[in-house]
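Structure, as C-alpha coordinates:
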Amino acid sequence: RQGIECLNVQYRYDRNQPIYALRNVNVTIPANSMTAIVGKSGAGKSTLVDMLMGLIHPEKGQVLVDGVSLMDDKRLISFRNTIGYVAQDPFLFNESIRYNLKLVDPNADDEALWKALRFSASEEFVRRLPHGLDTVIGDRGVRLSGGERQRIVLARAILKQPSILVLDEATSALDSENELLIQQALERLKGSMTIIVIAHRLSTIRNADQVIVMDHGEVIQQGGYQQLSQDA
Ligand code: ADP
Ligand code: ADP
(Lines give C-alpha, C1' and ligand atoms only; values in the text may rest on other atoms or scores of the structure.)
(Ligands and ions follow the chains in the order given, each with its own letter.)
Protein backbone atom coordinates (compact mmCIF):
# COMPACT_ATOMS: atom_id res chain seq x y z
CA ARG A 1 0.00 0.00 0.00
CA GLN A 2 1.74 3.14 -1.20
CA GLY A 3 0.66 6.21 0.72
CA ILE A 4 -0.09 7.37 4.23
CA GLU A 5 -2.76 5.82 6.42
CA CYS A 6 -4.18 6.82 9.79
CA LEU A 7 -5.83 3.93 11.55
CA ASN A 8 -8.17 4.69 14.47
CA VAL A 9 -5.98 7.55 15.55
CA GLN A 10 -6.70 9.35 18.78
CA TYR A 11 -4.79 12.32 20.15
CA ARG A 12 -4.98 14.71 23.09
CA TYR A 13 -2.57 17.57 23.73
CA ASP A 14 -3.19 17.11 27.45
CA ARG A 15 -3.73 13.53 28.52
CA ASN A 16 -5.23 14.67 31.80
CA GLN A 17 -8.10 16.29 29.97
CA PRO A 18 -10.91 14.59 28.04
CA ILE A 19 -10.42 16.95 25.08
CA TYR A 20 -9.62 15.10 21.89
CA ALA A 21 -7.83 16.95 19.11
CA LEU A 22 -8.25 13.76 17.04
CA ARG A 23 -10.88 11.16 17.75
CA ASN A 24 -10.98 7.81 16.00
CA VAL A 25 -9.57 9.19 12.77
CA ASN A 26 -9.25 6.90 9.75
CA VAL A 27 -7.88 8.40 6.58
CA THR A 28 -6.00 7.12 3.58
CA ILE A 29 -3.84 9.38 1.46
CA PRO A 30 -2.75 7.53 -1.68
CA ALA A 31 0.78 8.22 -2.90
CA ASN A 32 0.98 11.01 -5.48
CA SER A 33 -2.60 12.10 -4.93
CA MET A 34 -3.78 15.55 -3.94
CA THR A 35 -5.76 15.63 -0.70
CA ALA A 36 -7.47 18.66 0.77
CA ILE A 37 -8.31 18.91 4.46
CA VAL A 38 -11.05 21.37 5.33
CA GLY A 39 -13.00 22.29 8.43
CA LYS A 40 -13.57 25.10 10.91
CA SER A 41 -10.84 26.55 13.03
CA GLY A 42 -10.05 24.12 15.84
CA ALA A 43 -11.43 21.12 13.92
CA GLY A 44 -8.11 19.27 14.10
CA LYS A 45 -6.67 19.91 10.62
CA SER A 46 -3.19 20.96 11.75
CA THR A 47 -3.07 18.19 14.34
CA LEU A 48 -3.92 15.63 11.67
CA VAL A 49 -1.24 16.97 9.35
CA ASP A 50 1.35 17.02 12.16
CA MET A 51 0.41 13.39 12.75
CA LEU A 52 0.74 12.52 9.05
CA MET A 53 4.18 14.15 9.02
CA GLY A 54 5.27 12.19 12.10
CA LEU A 55 5.75 15.31 14.22
CA ILE A 56 3.41 13.99 16.90
CA HIS A 57 2.51 10.41 17.73
CA PRO A 58 -0.94 8.95 18.23
CA GLU A 59 -2.13 8.13 21.72
CA LYS A 60 -4.09 5.24 20.21
CA GLY A 61 -4.09 3.83 16.71
CA GLN A 62 -1.26 4.14 14.23
CA VAL A 63 0.11 5.97 11.24
CA LEU A 64 1.48 3.88 8.40
CA VAL A 65 3.65 5.10 5.58
CA ASP A 66 3.70 2.69 2.66
CA GLY A 67 2.37 0.08 5.06
CA VAL A 68 5.05 0.58 7.73
CA SER A 69 4.53 2.20 11.14
CA LEU A 70 6.00 5.65 11.68
CA MET A 71 7.10 4.84 15.23
CA ASP A 72 10.56 3.64 14.26
CA ASP A 73 12.95 6.57 14.82
CA LYS A 74 15.32 5.91 11.95
CA ARG A 75 12.43 5.62 9.58
CA LEU A 76 10.91 8.78 10.97
CA ILE A 77 14.00 10.85 10.30
CA SER A 78 14.33 9.69 6.72
CA PHE A 79 10.60 10.16 6.23
CA ARG A 80 10.69 13.76 7.49
CA ASN A 81 13.44 14.52 5.02
CA THR A 82 11.05 13.76 2.19
CA ILE A 83 8.52 16.43 3.22
CA GLY A 84 8.23 19.92 1.79
CA TYR A 85 6.22 22.34 3.92
CA VAL A 86 4.58 25.69 3.22
CA ALA A 87 2.99 27.53 6.16
CA GLN A 88 0.48 30.36 6.05
CA ASP A 89 3.09 33.04 6.71
CA PRO A 90 5.67 33.14 3.93
CA PHE A 91 8.80 32.90 6.03
CA LEU A 92 11.87 34.29 4.28
CA PHE A 93 14.99 35.98 5.57
CA ASN A 94 15.87 39.49 4.35
CA GLU A 95 18.74 38.00 2.40
CA SER A 96 19.27 36.94 -1.20
CA ILE A 97 16.92 34.61 -2.98
CA ARG A 98 19.81 32.19 -3.29
CA TYR A 99 20.32 32.25 0.51
CA ASN A 100 16.64 31.57 1.14
CA LEU A 101 16.38 28.73 -1.35
CA LYS A 102 19.59 27.07 -0.22
CA LEU A 103 18.29 26.76 3.34
CA VAL A 104 16.67 23.45 2.44
CA ASP A 105 19.39 22.22 0.13
CA PRO A 106 22.84 23.79 0.56
CA ASN A 107 24.17 21.64 -2.29
CA ALA A 108 21.65 22.75 -4.89
CA ASP A 109 23.32 24.24 -7.97
CA ASP A 110 22.09 27.37 -9.72
CA GLU A 111 20.35 25.38 -12.39
CA ALA A 112 18.23 23.62 -9.77
CA LEU A 113 17.49 26.93 -8.01
CA TRP A 114 16.35 28.60 -11.22
CA LYS A 115 14.28 25.60 -12.17
CA ALA A 116 12.38 25.60 -8.87
CA LEU A 117 11.95 29.38 -8.98
CA ARG A 118 10.65 29.46 -12.57
CA PHE A 119 8.32 26.60 -11.75
CA SER A 120 6.54 28.22 -8.82
CA ALA A 121 7.34 31.93 -8.89
CA SER A 122 6.45 32.48 -12.59
CA GLU A 123 8.70 33.41 -15.48
CA GLU A 124 7.52 37.02 -15.40
CA PHE A 125 8.54 37.42 -11.73
CA VAL A 126 11.90 35.77 -12.29
CA ARG A 127 12.71 38.12 -15.19
CA ARG A 128 12.12 41.16 -12.98
CA LEU A 129 14.76 40.20 -10.39
CA PRO A 130 17.50 42.85 -10.72
CA HIS A 131 20.37 40.65 -9.59
CA GLY A 132 19.02 37.21 -10.38
CA LEU A 133 19.51 34.75 -7.53
CA ASP A 134 21.63 37.33 -5.70
CA THR A 135 18.70 39.73 -5.45
CA VAL A 136 18.23 40.67 -1.80
CA ILE A 137 14.63 40.79 -0.62
CA GLY A 138 13.06 42.72 2.28
CA ASP A 139 14.08 45.96 3.91
CA ARG A 140 17.52 46.22 2.28
CA GLY A 141 16.44 45.06 -1.15
CA VAL A 142 13.41 44.36 -3.28
CA ARG A 143 10.02 44.64 -1.62
CA LEU A 144 7.83 41.71 -2.48
CA SER A 145 4.12 41.11 -2.13
CA GLY A 146 2.86 38.34 0.14
CA GLY A 147 2.02 36.30 -2.94
CA GLU A 148 5.50 36.71 -4.40
CA ARG A 149 7.03 35.73 -1.09
CA GLN A 150 4.81 32.66 -0.86
CA ARG A 151 5.79 31.59 -4.38
CA ILE A 152 9.46 31.74 -3.34
CA VAL A 153 8.62 29.64 -0.29
CA LEU A 154 6.93 27.11 -2.58
CA ALA A 155 10.04 27.05 -4.79
CA ARG A 156 12.09 26.29 -1.68
CA ALA A 157 9.67 23.55 -0.59
CA ILE A 158 9.87 21.71 -3.93
CA LEU A 159 13.60 22.21 -4.46
CA LYS A 160 14.54 18.81 -3.05
CA GLN A 161 11.68 17.16 -4.94
CA PRO A 162 9.96 15.96 -1.78
CA SER A 163 7.68 12.96 -1.95
CA ILE A 164 5.15 14.83 0.20
CA LEU A 165 4.26 18.50 -0.08
CA VAL A 166 2.17 20.04 2.70
CA LEU A 167 0.52 23.45 2.39
CA ASP A 168 -1.01 24.66 5.65
CA GLU A 169 -3.44 27.49 4.79
CA ALA A 170 -0.72 28.62 2.41
CA THR A 171 -2.99 30.74 0.25
CA SER A 172 -5.47 31.87 2.92
CA ALA A 173 -3.92 35.31 3.25
CA LEU A 174 -3.36 35.82 -0.49
CA ASP A 175 -5.50 37.57 -3.09
CA SER A 176 -7.24 35.44 -5.70
CA GLU A 177 -4.64 36.14 -8.39
CA ASN A 178 -1.78 34.86 -6.23
CA GLU A 179 -3.88 31.97 -5.03
CA LEU A 180 -4.45 31.02 -8.66
CA LEU A 181 -0.72 31.13 -9.45
CA ILE A 182 -0.04 28.75 -6.55
CA GLN A 183 -2.91 26.50 -7.63
CA GLN A 184 -1.49 26.36 -11.13
CA ALA A 185 1.90 25.35 -9.76
CA LEU A 186 0.21 22.60 -7.70
CA GLU A 187 -1.67 21.46 -10.79
CA ARG A 188 1.67 21.03 -12.56
CA LEU A 189 3.08 19.10 -9.58
CA LYS A 190 0.06 16.83 -9.35
CA GLY A 191 0.93 13.18 -9.85
CA SER A 192 4.64 13.64 -9.11
CA MET A 193 4.31 13.94 -5.33
CA THR A 194 1.72 13.49 -2.60
CA ILE A 195 0.14 16.89 -2.00
CA ILE A 196 -1.76 17.71 1.19
CA VAL A 197 -3.51 21.06 1.35
CA ILE A 198 -5.16 22.48 4.46
CA ALA A 199 -7.71 25.06 3.41
CA HIS A 200 -10.76 26.88 4.56
CA ARG A 201 -11.87 28.28 1.22
CA LEU A 202 -13.50 25.74 -1.09
CA SER A 203 -12.04 27.50 -4.14
CA THR A 204 -8.58 26.44 -3.00
CA ILE A 205 -9.28 22.75 -3.33
CA ARG A 206 -11.08 22.38 -6.64
CA ASN A 207 -8.23 20.33 -8.10
CA ALA A 208 -8.00 17.89 -5.16
CA ASP A 209 -8.50 14.16 -5.76
CA GLN A 210 -10.13 13.80 -2.38
CA VAL A 211 -11.41 16.06 0.36
CA ILE A 212 -11.32 15.28 4.06
CA VAL A 213 -13.80 17.28 6.12
CA MET A 214 -13.06 17.56 9.83
CA ASP A 215 -15.15 18.72 12.74
CA HIS A 216 -14.37 18.54 16.46
CA GLY A 217 -11.45 16.16 15.94
CA GLU A 218 -13.38 13.78 13.73
CA VAL A 219 -13.40 13.10 10.02
CA ILE A 220 -17.00 13.71 9.07
CA GLN A 221 -16.58 13.24 5.32
CA GLN A 222 -13.96 11.83 2.99
CA GLY A 223 -14.49 11.70 -0.75
CA GLY A 224 -14.14 13.43 -4.08
CA TYR A 225 -14.70 17.15 -4.48
CA GLN A 226 -17.77 16.55 -6.67
CA GLN A 227 -19.30 14.28 -4.08
CA LEU A 228 -18.64 16.88 -1.42
CA SER A 229 -20.23 19.75 -3.30
CA GLN A 230 -23.33 17.64 -3.91
CA ASP A 231 -23.70 16.93 -0.22
CA ALA A 232 -23.00 20.53 0.78
P1 ADP B 1 -7.31 23.39 13.06
O2 ADP B 1 -5.98 23.20 12.40
O3 ADP B 1 -8.43 22.70 12.36
O4 ADP B 1 -7.62 24.83 13.34
P5 ADP B 1 -5.97 22.26 15.37
O6 ADP B 1 -5.49 20.93 14.92
O7 ADP B 1 -5.01 23.38 15.40
O8 ADP B 1 -7.24 22.66 14.49
O9 ADP B 1 -6.61 22.14 16.80
C10 ADP B 1 -7.45 21.07 17.21
C11 ADP B 1 -7.73 21.22 18.69
O12 ADP B 1 -6.54 21.04 19.43
C13 ADP B 1 -8.27 22.58 19.09
O14 ADP B 1 -9.21 22.38 20.12
C15 ADP B 1 -7.07 23.30 19.59
O16 ADP B 1 -7.42 24.26 20.54
C17 ADP B 1 -6.25 22.19 20.21
N18 ADP B 1 -4.80 22.46 20.11
C19 ADP B 1 -4.11 22.68 18.99
N20 ADP B 1 -2.80 22.84 19.25
C21 ADP B 1 -2.67 22.73 20.59
C22 ADP B 1 -1.57 22.79 21.49
N23 ADP B 1 -0.33 23.00 21.04
N24 ADP B 1 -1.82 22.63 22.79
C25 ADP B 1 -3.06 22.40 23.25
N26 ADP B 1 -4.14 22.32 22.47
C27 ADP B 1 -3.96 22.47 21.15
P1 ADP C 1 5.08 41.73 11.09
O2 ADP C 1 3.77 41.29 10.46
O3 ADP C 1 5.40 41.07 12.38
O4 ADP C 1 5.25 43.20 11.10
P5 ADP C 1 6.12 40.85 8.61
O6 ADP C 1 5.76 39.40 8.48
O7 ADP C 1 5.36 41.88 7.89
O8 ADP C 1 6.22 41.20 10.15
O9 ADP C 1 7.64 41.02 8.20
C10 ADP C 1 8.65 40.16 8.64
C11 ADP C 1 9.91 40.54 7.90
O12 ADP C 1 9.69 40.39 6.50
C13 ADP C 1 10.31 42.00 8.13
O14 ADP C 1 11.68 42.05 8.41
C15 ADP C 1 9.99 42.72 6.83
O16 ADP C 1 11.00 43.63 6.49
C17 ADP C 1 9.96 41.60 5.82
N18 ADP C 1 8.86 41.86 4.89
C19 ADP C 1 7.56 42.00 5.19
N20 ADP C 1 6.85 42.26 4.11
C21 ADP C 1 7.71 42.28 3.09
C22 ADP C 1 7.57 42.50 1.70
N23 ADP C 1 6.41 42.76 1.14
N24 ADP C 1 8.68 42.42 0.93
C25 ADP C 1 9.87 42.15 1.49
N26 ADP C 1 10.07 41.96 2.80
C27 ADP C 1 9.01 42.02 3.59
Quiz item: So which of TYR20, TYR13 ends up being under 18 Å from HIS216 (Cβ atoms), hydroxyl-bearing (Ser, Thr, Tyr) and either in contact with a Cys (Cβ under 8 Å, 6 or more places away or on another chain) or open to solvent by less than 70 Å² (accessible area, probe 1.4 Å) (or both)?
Solution: TYR20
Practice problem: State yes or no: is LEU92 in contact (Cβ under 8 Å) with a residue 12 or more places away in the chain and either within 24 Å of VAL197 (Cβ to Cβ) or loosely packed, with under 15 Cβ neighbours inside 10 Å (or both)? | Solution: yes
Quiz item: Going through region 68-94 one residue at a time, which ones are hydrophobic (A, V, I, L, M, F, W, C) and in a helix (DSSP H, G or I)?
Solution: LEU76, ILE77, PHE79
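Just the residues that are part of a loop (DSSP other than H, G, I, E, B), within 16 Å of ligand 2 (Cβ to nearest atom) and open to solvent by less than 60 Å² (accessible area, probe 1.4 Å), please, taken from region 95-137.
As a first pass, look at region 95-137 and keep what is part of a loop (DSSP other than H, G, I, E, B): 95, 103-109, 122, 128-131, 135.
Right, trim to within 16 Å of ligand 2 (Cβ to nearest atom) and you get 95, 103, 128-131, 135.
If the condition is that a residue be part of a loop (DSSP other than H, G, I, E, B), within 16 Å of ligand 2 (Cβ to nearest atom) and open to solvent by less than 60 Å² (accessible area, probe 1.4 Å), then LEU129, THR135 are the ones that fit.
Yes/no matrix, rows are residues, columns are (1) over 21 Å from the mean Cα position of the chain (by Cα); (2) away from ligand 1 (no atom under 16 Å from the Cβ):
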site	(1), (2)
VAL9	no, no
ARG15	yes, no
TYR20	yes, no
VAL25	no, no
PRO30	no, yes
ALA36	no, no
Self-check item: Conditions (1) in contact (Cβ under 8 Å) with a residue 60 or more places away in the chain; (2) under 30 Å from GLU59 (Cα atoms); number of the one not met by PHE119
Solution: (2)
Quiz item: Within region 66-84, is even one residue touching a strand residue (DSSP E or B) at 6+ places or on another chain (Cβ under 6 Å), within 13 Å of ligand 1 (Cβ to nearest atom) and open to solvent by less than 30 Å² (accessible area, probe 1.4 Å)?
Solution: no
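The values are calculated or read from the model by the stated rules, or taken from the named source; none is laboratory data. Given the structure is predicted, the values throughout are model-derived calculations rather than measurements. So basically every Cβ, Gly included, is an ideal-geometry build from the backbone, and we count neighbours across all protein chains shown. For accessibility, only protein heavy atoms count, side chains too; no ligands or nucleic acids. Shrake-Rupley method; radii C 1.70, N 1.55, O 1.52, S 1.80 Å.
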